[in-house]
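Engineer: Here it is, the structure, as structure tokens.
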Amino acid sequence: MRNNVRDAAFLGMIALVLRLGHFFLIGNDPVADILVLDSWSYDRIARLIISGEMPNKVYFQAPFYPYFLAAFYKIFNGSIDSVRIAQIILDTISAVAVFRITRILFGCRSAWIAGVFMAVYPVSIFQSGLILKTTLNIFFAASMIWLIIEKPRFPDSIRMIMLGLISGWAAATQGSVLLQLPILPIWIIVDSGWRCLPTWIKRIALFGLGLSIGIGPFTLRNYLVSGRFVLLTSQGGANFYLGNSPYSDGTSKRPPRVRMTPEYEEEDFHREAEYAAGQSLTPEDAGRYWRDEALKWMRDHPGDALKLEARKFALFWNRVEIPDNYDFDFYRRYSWLIRYPRYPFWIIGSLGLAGMIFLTASWRKTWFLYAWSSSYCFIWVMFHIYSRYRLPMIIFLAPFAAEFISKVIDLTKTGRYTSLAGHYLLWIGIVLFQAIPLTAYSSAQPLFNLGSGLTRLGRLDEARTAYLEALDALPGYEPAMVNLGKLAWSQGNPAEAILWWEKAIDTNPKAVEAHSNLGSLLAMQGKMMEAKGHFLVATQEQPYYFLGWLHLAQTEESLQEYEKALEAYKKAIDLKPHDVQALYGRAKVLEKIGGGESALAAWRIYLDEADDMLEERIYIDEAKTRVELLSHEIPVAGVESMEGGLAHSDETSDQRGPAEHPSDRMQ
């Protein structure tokens with residue numbers, strides 16, 4: 001027993017030192033604390049939780065991780081590093097748990113091999129330093145398996161409650177776990193004995209109690225804010241469609257008119273579902289719509305669907321780490337601790353899968369690992385594949401990989417070369433399968449994200465270099481050209497900005513951001529008709545692009561096309577009902593076309609929204625004057641046309657820069 005504790009502590013120390021070393025090395029990353037995509041979204045939600053400003057709607061993303069962040073932010077005064085340290089500790093515990101699991105299943109030598117795999121695995125070390133939920137996914141999976149395999153010394157009733165609680169938290173962290181939960185009652189029945197009906201009923205009830213404690217608070221909160229029963233999130237249908245549609249490629253390739261960034265994704269999926277359905281939908285109804293659309297496509301195109309599922313299965317086992325939020329291959333430049341081996345999953349994936357195939361004879365003691373890992377792979381193949389979604393699979397692969405290596409050592413020592421050759425041939429076959437080139441790697445996106453982060457830090461020359469490197473990596477990369485244009489404009493070089501946006505439009509005639517920014521610049525130069533053309537393209541291609549509609553309305557107002565401007569303002573207000581610029585513009589246009597009562601109502605709505613906004617004080621005074629005059633039915637002169645740009649008036653138009661990219665990240 002003492003040796004077991006000593007060995008586990010020593011392995012844990014290795015894992016902890018490597019992760020802490022990586023933590024200090026990522027300080028070389030100039031934008032380590034600039035959060036992007038899901039990291040940005042989790043951080044934003046966590047801070048809303050702390051401030052008590054969470055929107056009163058059902059969860060779209062899995063809710064546990066933002067609350068996890070909020071707890072550490074609250075205790076450690078908003079420190080991101082406190083979360084990283086916590087995740088490092090949790091990932092270290094996961095490595096020790098796999099060591100213990102493997103020791104029980106396969107013995108000491110295999111335990112050490114599996115433990116070392118977990119301790120030094122570069123992708124796991126990398127993820128522990130990110131503000132993403134992947135480390136928690138691994139920790140919860142390892143904890144569940146440990147509770148099942150280890151049989152801790154505390155009472156079985158506590159064990160069952162803990163198993164349910166951790167399973168609930170796992171599901172609240174990664175919604176796909178809900179689909180795997182039925183395996184756990186089956187294990188309880190098998191472990192209790194088929195004939196011991198009272199025992200396994202009691203254990204399942206205790207498990208259900210823990211599960212309810214884990215999931216219940218999130219379900220209750222959904223009910224309180226919506227009046228409807230929503231177990232966890234409304235995102236499942238949209239995610240299923242991302243992986244199973246005419247646009248799918250195995251990853252989450254975006255469908256038309258849906259911006260795949262957290263601040264727009266939920267809104268765009270919901271609006272598209274409502275437009276297709278022709279009626280208002282709840283978030284759950286919208287999710288069901290996308291689920292049904294995916295199933296319909298699969299029924300109507302069985303051949304294409306089968307090919308897509310086969311591709312996703314191959315992607316799941318492929319040696320390449322498919323990036324989404326952060327690119328593992330790119331960020332190796334900042335930490336030598338994760339630089340080698342080049343393809344870590346190629347090693348653990350091939351050995352683990354070979355072990356699972358060769359060790360089927362021991363299924364009685366490992367059947368739960370087979371069931372959970374197989375279902376995990378199946379679920380993600382049915383959805384879509386990214387490196388961080390695949391990563392928790394190492395919990396199951398490491399023990400089998402370790403035992404496979406151990407068996408090969410034994411076969412070599414005993415001279416059983418025929419059996420040894422069979423092991424090698426199977427392993428080589430898996431290695432070759434994993435090496436199939438399925439994706440073309442490019443560093444363009446991480447270089448773009450680097451440029452966006454540097455821009456936020458005000459390091460504009462370095463940002464420009466990063467964008468240019470992105471174009472070198474992938475010529476014609478539209479987002480880099482768009483942001484190079486924005487940089488040029490912000491640095492007082494509109495001619496260069498126009499060149500970059502025109503290049504982006506030449507590459508992609510439907511480039512919404514390029515059209516919108518170019519239209520803004522041309523409007524400031526007084527070229528209103530040209531500007532209008534670009535805003536029309538932007539709004540046609542992205543009907544939910546608020547800035548496109550706002551700027552189109554302001555341009556048409558400047559061209560004295562008041563009826564068209566009013567329609568565009570209405571579109572903008574539909575998208576952002578409380579935006580003061582859109583409300584101000586609508587009131588002006590209504591007054592110009594003689595809508596006395598409607599203009600009066602519009603001015604009052606503007607005043608309600610703009611009240612106490614210091615930046616609106618000039619326009620508030622004007623609006624109050626208009627309200628007073630219209631209320632007394634005193635004829636007023638037409639409001640002077642806005643010239644020279646897309647702001648409230650000439651006083652601010654020259655100060656307005658390029659239309660802000662919706663997320664400063666790749667769409």
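Coordinate-derived values only; no laboratory data. Given the structure is predicted, the values throughout are model-derived calculations rather than measurements. Every residue, glycine among them, receives a Cβ derived from its backbone with ideal geometry; neighbour counts consider all protein chains shown.
Engineer: Got a sec? Charge dipole of the chain, +1 on Cβ for Lys and Arg, -1 for Asp and Glu; which of ILE101, ALA141, ALA565 is way out at the positive end?
Structural biologist: ILE101
Engineer: Which of the peptides 549-558, 525-534 is most tightly packed, and how do the rest follow, judged by the mean count of other Cβ atoms within 10 Å per residue?
Structural biologist: The densest-packed peptide leads the list: 549-558, 525-534.
Engineer: A further question follows. How long are the semi-axes of the equivalent ellipsoid of region 1-76, taking √(5λ) for every eigenvalue λ of the Cα gyration tensor, in whole Å from largest down?
Structural biologist: One finds semi-axes of 33, 19, 11 Å for region 1-76.
Engineer: Among LYS486/LYS532; LYS486/LYS510; LYS151/LYS365; LYS527/LYS564; LYS133/LYS510, which pairs are too far apart, with a Cα-Cα distance over 25 Å?
Structural biologist: Pairs exceeding the cut-off: LYS133/LYS510.
Engineer: Relative to the compact-globule scaling 2.2 N^0.38 Å, provide the ratio for the alpha-carbon radius of gyration of region 4-128.
Structural biologist: Compactness ratio reported: 1.26.
Engineer: Then there is this: Dipole of the chain, Cα-centred, from +1 at each Lys and Arg C-beta and -1 at each Asp and Glu C-beta, to the nearest 20 debye?
Structural biologist: Its charge dipole is roughly 4720 debye.
Engineer: Also, quick follow-up: Shape of region 268-381 from its Cα gyration tensor (a ≥ b ≥ c, root eigenvalues): rounded if a/c is under 1.5, otherwise prolate when a/b > b/c, or oblate?
Structural biologist: oblate
Engineer: Further question on the same structure: Specify which residue in the list ILE80, ALA171, LEU130 is farthest towards the positive end of the charge dipole of region 56-181, using unit charges on the beta carbon of Lys, Arg (+1) and Asp, Glu (-1), about the Cα centre.
Structural biologist: Value computed over the given set: ALA171.
Engineer: In whole Å, how far is the Cα centre of region 557-575 from that of region 42-75?
Structural biologist: 36
Engineer: Ranked highest first by the average count of other Cβ atoms within 10 Å around their residues, in what order do 148-160, 288-300 fall?
Structural biologist: 288-300, 148-160
Engineer: Here is a follow-up. Restricting everything to alpha-carbon atoms, can you work out Rg to Rh for region 176-225 with a Kirkwood hydrodynamic radius?
Structural biologist: My calculation puts Rg/Rh at 1.11.
Engineer: Output the 0 to 90 degree angle, nearest 10, between the alpha-carbon long axis of helix 478-490 and the longest principal axis computed from the alpha carbons of the chain.
Structural biologist: Roughly 50 degrees, rounded to the nearest 10.
Engineer: Next question. Helix 344-358 against the longest principal axis of the chain: what's the angle in degrees, Cα atoms only, rounded to the nearest 10?
Structural biologist: The angle comes out at about 50 degrees.
Engineer: Using +1 at the C-beta of Lys and Arg and -1 at the C-beta of Asp and Glu, which of LEU550, ALA587, PRO55 has the Cα lying farthest in the positive direction of the dipole of the chain?
Structural biologist: Result: PRO55.
Engineer: Continuing with the same structure: Rounded, prolate or oblate for region 491-544? Axes are the square roots of the Cα gyration tensor eigenvalues, ordered a ≥ b ≥ c, and the cut-off for rounded is a/c under 1.5.
Structural biologist: Oblate, because a/c is 1.5 or more while a/b does not exceed b/c.
Engineer: For the chain, what value does the Rg/Rh ratio take when both radii are computed over Cα atoms and Rh is the Kirkwood radius, given to two decimals?
Structural biologist: 1.03
Engineer: If you don't mind, there's one more thing I want to ask. With N residues in region 390-522, what two-decimal value do you get for its Cα radius of gyration over 2.2 N^0.38 Å?
Structural biologist: 1.80
Engineer: At a 10 angstrom cut-off on C-beta neighbours, averaged per residue, how do the peptides 186-199, 490-503, 225-238 rank from highest to lowest?
Structural biologist: Averaged packing, sorted descending, gives the order 225-238, 490-503, 186-199.
Engineer: Then there is this: Per-residue HN-Hα couplings for region 296-311, Karplus 6.51 cos²θ - 1.76 cosθ + 1.60 at θ = phi - 60°, whole Hz, x for Gly and Pro?
Structural biologist: Whole-Hz 3J(HN,Hα) from phi for region 296-311: 5, 4, 5, 5, 6, 10, x, x, 5, 5, 5, 4, 5, 5, 5, 5.
Engineer: Can I ask one more? Let me spell out the model: positive unit charges on the Cβ of Lys and Arg, negative unit charges on the Cβ of Asp and Glu, origin at the Cα centre of region 187-322. What dipole size does that give, in debye rounded to 20?
Structural biologist: About 540 debye.
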